[in-house]
Amino acid sequence: MTDQNPTQPARILKIGATRIIADASMSALDPEQLRTLLKITYPEIAHATLRETTLEDGTQVLEWSAVPGRKG
C-alpha cells in the first residue's frame with residue numbers, strides 16, 4: 001500500500017536530466033514558488049522556461065528548460 005493521496009495527483013519536477021517527485025511539503029506551492037525554492041540548489045532554473053503538462057493519469061509535470069545565455 002502506498003502513502004499517496006488518491007485525490008491529489010503527484011507532481012514531477014524536471015530540471016535538465018534531474019527528475020524530482022514532489023512530496024507533501026511541495027504540494028501547496030505554485031510553480032513560481034517551486035522555482036524560488038529550487039533555484040538555491042539548481043541555479044539554472046532562475047531564468048529557465050517553464051512548461052507544464054498533465055499526464056493521462058492526472059500527474060502534473062513541471063519541466064524547466066534552460067535558456068541559452070551570453071558570455072561577456
Enumeration of residues in segment 55-72 that are in a strand (DSSP E or B) and either of a type in the set (S, T, N, Q) or touching a Phe, Trp or Tyr at 6+ places or on another chain (Cβ under 7 Å) (or both): Gln60, Ser65
Subset of segment 13-33 [exposed (fewer than 11 other Cβ atoms within 10 Å of the Cβ), assigned to a helix (DSSP H, G or I) and at pLDDT 90 or above]: Glu32
Residue match in segment 45-54 (condition: free of Cβ contacts under 8 Å to residues at least 24 places away in the same chain, loosely packed, with under 10 Cβ neighbours inside 10 Å and assigned to a loop (DSSP other than H, G, I, E, B)): no
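The values are calculated or read from the model by the stated rules, or taken from the named source; none is laboratory data. A quick note: this is a predicted structure, and the numbers were derived from the prediction, not measured. Glycine gets a Cβ as well: all are built from the backbone with ideal geometry, and neighbour counts include every protein chain shown.
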